[in-house]
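Below: one structure, written as structure tokens.
The values are calculated or read from the model by the stated rules, or taken from the named source; none is laboratory data. Everything numeric in this text was worked out from a predicted model, so none of it was measured. So basically every Cβ, Gly included, is an ideal-geometry build from the backbone, and we count neighbours across all protein chains shown. Each accessible area value is taken on the protein alone, full model and side chains, heavy atoms only, with ligands, DNA and RNA left out. Shrake-Rupley method; radii C 1.70, N 1.55, O 1.52, S 1.80 Å.
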Amino acid sequence: QSAKCGTCGPGYATPLDAMKGKYCPREEIVYLPCIYRNTGIEKPDYLATVDVDPKSPHYCQVIHRLPMPNLKDELHHSGWNACSSCFGDATKRRNRLILPSLISSRIYVVDVGTDLRAPRIHKIVEPVELFWKRNAAIPHTSHCLGSGDILISCLGDSSGNGKGGFILLDGETFELKGSWENGEKVPSLGYDFWYQPRHNVLMSTEWGVPKVFVDGFNPADVERGHYGRHINVWDWSTHTYIQAIDLGKGSIPLEIRFLHNPDAAEGFVGCALSGAVHRFYKTEKGDWAAEKVIEVPNKKVQGWLFPDMPGLITDILISLDDRFLYFSNWLHGDIRQYDISNTRKPKLVGQVFLGGSITKGGPVTVVEDKELQCQPEPCVIKGKRVPGGPQMIQLSLDGKRLYVTSSLYSGWDKQFYPDLVKEGSVMLQIDVDTEKGGLTVNKNFLVDFGKEPDGPVLAHEIRYPGGDCTSDIWV
């Protein structure tokens, strides 16, 4: 599914080539990590291959499962050994999926090149490597670099304290090469990151202290300063930590996305708890700043864990033409589409509700709502009432289909959506109007992870074999 040209290497020359090029076929399969930790089922997590080709007899079915050799890893996000940052290097192939484990700190390298539809384990980096060599743990986001190495952000040290550092894997041997960062200064928390070599910058975000969030969320921990509030700015060439942009107490900035155009010196970050999206940008002085451009107001509720319910923005992404921004409100239950032609003034053009905590007929009563006139109807697809709320999102390369899964992280799923843990998560698909904007749920698409052979499972992040708008970086 990548450019069929002998001299190119992986990925696409430009974001618009990926979106509109003749080498950009419709996605036929996707990979998702499936998690059993915290479900009461003593089985290992696995990587599922799902058929998403409407012409296939196996449409919306899991066609392969690759179980990991260990229990309770908590697979979470995945990345590639090579992406569009290596375009032009014919020696590189996008044939290994990097699967870090959030809880065990193990990193699986999965061979997807030998058989796209039936991945197999290629190598395992054991946690002791991270602990002993680098005092690093809780690996989260992985991005390949144009140099051929793989950069992985970590959330903590081997004792479960917060520490926002990075490790490097060799892109050929997948040996742990060491830390990426230089100097004494390291942020106290870590999470996601994105880099932009043309502006000599890497930006990272902050979730929380691992030993604090591991089993659930307590708002008192926000007051105690155990959750993140900064975008951290790194000098790309020297690997040094140079600036912290404070987004406010209790903001918890999670997914961060630069615009795809490699010349752009701006992007967006979604803040889970404050319900805000901030635009970050390079100033005339040459440092970086941020401004709030979207805010999802909390709802006053009864019958829930707390009297104030945030939207909980958990995933955001930008279409490859940098025209639309999408994000999910995991607790309120909606996905939103904004026109970002003017990046300083995003305009809401699409919204759809897929479950969430405030649906009609549920235990929660909304007593004050600055946005909605009434509580949304439950989401029912093919006769199944969707448990949980929309969480991870992935957009097709052409921007016309948005895929959604409903599990955030097993420890928090269990707390906020006990039904989700009992019933398993789902994958849904939304049709996107790429002309005017607008979202419509595809009523014929449902992958029900409650029906898996070993029992209901929590499916998380979605990846296409040929790359996508949350894993590919252009340099």
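For this structure, a couple of remarks:
- Flag for A48 being more than 18 Å from G148 (Cβ to Cβ), in contact with a Cys (Cβ under 9 Å, 6 or more places away or on another chain) and either small (G, A, S) or at pLDDT below 95 (or both): yes
- Here S204 does not qualify as under 22 Å from D315 (Cα atoms), among the polar types (S, T, N, Q) and touching a Lys or Arg at 6+ places or on another chain (Cβ under 8 Å).
- Failed condition for E435, given (1) over 29 Å from R94 (Cβ atoms); (2) touching a Ser or Thr at 6+ places or on another chain (Cβ under 9 Å): (2)
Residue-wise test of (1) surrounded by 24 or more Cβ atoms within 10 Å (Cβ to Cβ); (2) free of Cβ contacts under 8 Å to residues at least 40 places away in the same chain; (3) under 24 Å from R229 (Cα atoms); (4) in contact with a strand residue (DSSP E or B) (Cβ under 6 Å, 6 or more places away or on another chain).
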residue	(1), (2), (3), (4)
K300	no, no, yes, yes
L305	no, no, yes, no
I313	yes, no, yes, yes
W330	yes, no, yes, yes
Q351	no, no, no, yes
G356	yes, yes, no, no
V364	no, no, no, yes
K370	no, no, no, no
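- Single residue of G399, G389, G411, G450 found to be part of a helix (DSSP H, G or I) and within 28 Å of R257 (Cα to Cα): G411
- Members of region 178-199 found to be open to solvent by 20 Å² or more (accessible area, probe 1.4 Å), more than 17 Å from C86 (Cβ to Cβ) and either in contact with a Lys or Arg (Cβ under 8 Å, 6 or more places away or on another chain) or not small (G, A, S) (or both), listed by number: S179, E181, N182, E184, K185, V186, S188, H199
- Any hit, region 229-241, residues being closer than 23 Å to Q391 by Cβ, modelled with pLDDT of 95 or more and not in a strand (DSSP E or B): yes
- Scanning region 200-217 for residues that are open to solvent by 50 Å² or more (accessible area, probe 1.4 Å) and in contact with a helix residue (DSSP H, G or I) (Cβ under 8 Å, 6 or more places away or on another chain) returns a single hit, D215.
- Within region 105-156, tally of residues that are of a type in the set (D, E), under 26 Å from M203 (Cα atoms) and over 22 Å from the mean Cα position of the chain (by Cα): 1
- Within region 256-280, residues that are within 15 Å of N298 (Cβ to Cβ) and open to solvent by less than 10 Å² (accessible area, probe 1.4 Å) sit with their Cβ atoms under 8 Å from residues that are of a type in the set (A, V, I, L, M, F, W, C) and assigned to a loop (DSSP other than H, G, I, E, B), at 6+ positions apart or across chains, in these pairs: C271/L247; C271/I252; A272/I252; A272/L312; G275/V296; G275/L312; A276/L247; A276/V296.
- Top-ranked residue of region 453-475 - restricted to ones that are of a type in the set (A, V, I, L, M) and part of a strand (DSSP E or B), ranked as surrounded by the fewest Cβ atoms within 10 Å (Cβ to Cβ): A459
- Restricting region 16-66 to residues that are open to solvent by 60 Å² or more (accessible area, probe 1.4 Å), assigned to a loop (DSSP other than H, G, I, E, B) and among the acidic types (D, E), the residue that is farthest from E423 (Cα to Cα) is E28.
- Restricting attention to region 107-123, the residues that are part of a loop (DSSP other than H, G, I, E, B) and surrounded by 23 or more Cβ atoms within 10 Å (Cβ to Cβ) total 2.
- Of the residues screened, E295 is one that is surrounded by fewer than 24 Cβ atoms within 10 Å (Cβ to Cβ) and closer than 28 Å to H460 by Cα.
- Of all residues assigned to region 91-100, at least one qualifies as being under 20 Å from D468 (Cβ atoms) and out of contact with any strand residue (DSSP E or B) (no Cβ under 8 Å at 6 or more places or on another chain).
- Against the numbered list (1) farther than 13 Å from R96 by Cα; (2) in a strand (DSSP E or B); (3) among the basic types (K, R), K133 comes up short only at (2).
- Per-region count, region 69-102, residues surrounded by fewer than 23 Cβ atoms within 10 Å (Cβ to Cβ) and of a type in the set (A, V, I, L, M): 2
- Residue satisfying all of: in region 431-447; outside any loop (DSSP other than H, G, I, E, B) and either in contact with a Lys or Arg (Cβ under 7 Å, 6 or more places away or on another chain) or without any contact (Cβ under 8 Å) to a residue 60 or more places away in the chain (or both); least open to solvent (accessible area, probe 1.4 Å) among these: V432
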